[in-house]
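Peer 1: If you scroll down you'll find the structure; I have some questions about it.
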Amino acid sequence: MSRFKLNQYDEGKNYIFFFMSALTSFTFILLLLAVFGYRYGFFSAGYSLMFLTKYAVYSSIIASAISLISIGYSLHLYKKFLNIVSSIFMFAINITIISFFYFQIIDLRSNPVINDISTDYHDLLEFKVYTDHNLPKDEHNLIQKFGGFKLPNYELSPLILSDVSKEEVFNKSLNILKNMGLEITYENFEEGTIEALEKSFWYGFTDDMIIKIEKLITNDIIINVRSASRIGRSDFGKNSKRIKSYFVLMQ
């Protein structure tokens with residue numbers, strides 16, 4: 001009888017682990033389809049996020065729960081150490097996926113539903129490259145776009161610099177934007193205008209940034225900035241962070 005049990009444990013396979021591995025692989029397939037499908041124009045942003053990514057997260061949640069069952073089941077197998085380590089590894093992978101998207105949701109809920117941030121909402125900078133950001137200068141349109149009937153409570157205002165030339169500020173701005181990972185799409189020193197774009201790492205969502213550098217009659221330099229996302233209702237606070245980062249580096 002003892003020999004039968006030994007053979008049973010020795011030859012037994014952790015089919016729960018196999019199922020969990022298949023489900024985790026399915027999760028990765030959905031995520032890869034979502035990321036590359038949107039990046040290369042096969043799927044819309046809505047389909048990639050609201051269908052493929054959403055069900056990838058659901059799949060990962062189920063896989064993480066099954067991995068806990070697999071850990072318990074592995075205790076009854078003869079080669080328990082390898083099975084336990086493998087199950088814990090799969091659990092860690094799925095928890096990482098779940099945690100990443102969980103914190104994305106927290107970011108989404110902790111920021112206003114807005115994707116276009118400016119240092120001056122009364123005189124919006126107009127983009128020259130991606131002109132879809134430019135709305136008719138109608139009060140109703142601006143109110144709808146910028147946070148309903150309350151302008152976003154970002155404490156952002158134009159940056160004023162003293163004892164520096166426009167040329168120095170312009171050249172420094174170009175270097176800062178490049179170091180921040182943005183791609184320069186337009187620059188004109190006479191206008192004092194710089195435009196740049198940045199794509200997110202995973203899905204390649206594009207944000208546009210425009211900077212206007214002007215010299216005041218006091219010889220000070222004033223910098224206005226606008227940063228806007230091409231798609232989505234919320235930017236997860238990315239545009240305001242981008243402007244703040246630029247201002248910090250300019251000072």
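The values are calculated or read from the model by the stated rules, or taken from the named source; none is laboratory data. Computed from a predicted structure; not experimentally measured. In this analysis, Cβ positions are derived from the backbone assuming ideal geometry, glycine residues included, and neighbour counts consider all displayed protein chains.
Peer 1: Can you name the number of the only condition in (1) modelled with pLDDT of 85 or more; (2) surrounded by 15 or more Cβ atoms within 10 Å (Cβ to Cβ); (3) among the hydroxyl-bearing types (S, T, Y) that Y40 fails?
Peer 2: All conditions pass for Y40, except number (2).
Peer 1: Which ones in the stretch 85-132 are assigned to a helix (DSSP H, G or I), among the β-branched types (V, I, T) and in the same structural domain as R242 (by TED's automatic domain parsing)?
Peer 2: Across the stretch 85-132, the qualifying residue is only T131.
Peer 1: Suppose we keep only residues that are among the acidic types (D, E) and within 23 Å of L49 (Cβ to Cβ) within the stretch 208-247. Which one would you say is surrounded by the fewest Cβ atoms within 10 Å (Cβ to Cβ)? Before you say what the answer is, go through the steps one by one.
Peer 2: Here is the first cut: in the stretch 208-247, the ones among the acidic types (D, E) are 208, 214, 220, 235.
Subset that is within 23 Å of L49 (Cβ to Cβ): 208, 235.
Working: D208: 22, D235: 25.
The extreme case among them is D208.
Peer 1: Could you check A228 against (1) outside any loop (DSSP other than H, G, I, E, B); (2) over 19 Å from T185 (Cβ atoms); (3) of a type outside the set (V, I, T) and say which number it fails?
Peer 2: Evaluating A228 over (1) outside any loop (DSSP other than H, G, I, E, B); (2) over 19 Å from T185 (Cβ atoms); (3) of a type outside the set (V, I, T) leaves (2) as the failure.
Peer 1: While we're looking at this one, here's another question. Just give me the residues in the stretch 182-208 being within 16 Å of the chain's Cα centre (by Cα) and within 13 Å of F127 (Cβ to Cβ), in sequence order.
Peer 2: Matches in the stretch 182-208: L197, T206, D207, D208.
Peer 1: List the number of the failed condition for S157; all other conditions in (1) farther than 29 Å from Y38 by Cβ; (2) at pLDDT 95 or above hold.
Peer 2: Single failed check for S157: (2).
Peer 1: Quick one: in the stretch 69-97, of everything that is within 18 Å of S25 (Cα to Cα) and among the hydroxyl-bearing types (S, T, Y), which residue is modelled with the highest pLDDT?
Peer 2: For the stretch 69-97, the residue satisfying everything is T96.
Peer 1: Which one of these does I117 not meet: (1) closer than 26 Å to A45 by Cα; (2) out of contact with any helix residue (DSSP H, G or I) (no Cβ under 6 Å at 6 or more places or on another chain); (3) modelled with pLDDT under 95?
Peer 2: Against the list (1) closer than 26 Å to A45 by Cα; (2) out of contact with any helix residue (DSSP H, G or I) (no Cβ under 6 Å at 6 or more places or on another chain); (3) modelled with pLDDT under 95, I117 comes up short only on (2).
Peer 1: Test L135 against the criterion of being surrounded by 14 or more Cβ atoms within 10 Å (Cβ to Cβ), part of a loop (DSSP other than H, G, I, E, B) and not assigned by TED's automatic domain parsing to the domain that holds I160, and give yes or no.
Peer 2: It is false that L135 is surrounded by 14 or more Cβ atoms within 10 Å (Cβ to Cβ), part of a loop (DSSP other than H, G, I, E, B) and not assigned by TED's automatic domain parsing to the domain that holds I160.
Peer 1: Here is a follow-up. Within the set of pairs 6 or more residues apart or between chains, which connect a residue that is in the same structural domain as A34 (by TED's automatic domain parsing) inside the stretch 55-84 to a residue that is charged (D, E, K, R) and assigned to a helix (DSSP H, G or I) with Cβ atoms less than 9 Å apart?
Peer 2: These pairs meet every condition: S74/K80; L77/D10; Y78/D10; Y78/E11; K79/D10.
Peer 1: Here are Y102, Y55: which of them is surrounded by fewer than 16 Cβ atoms within 10 Å (Cβ to Cβ) and either among the charged types (D, E, K, R) or more than 24 Å from K199 (Cβ to Cβ) (or both)?
Peer 2: Being surrounded by fewer than 16 Cβ atoms within 10 Å (Cβ to Cβ) and either among the charged types (D, E, K, R) or more than 24 Å from K199 (Cβ to Cβ) (or both) holds for just one of Y102, Y55, which is Y55.
Peer 1: OK, next. Determine whether the stretch 194-205 contains at least one residue that is modelled with pLDDT under 95 and among the basic types (K, R).
Peer 2: Yes, the stretch 194-205 contains at least one residue that is modelled with pLDDT under 95 and among the basic types (K, R).
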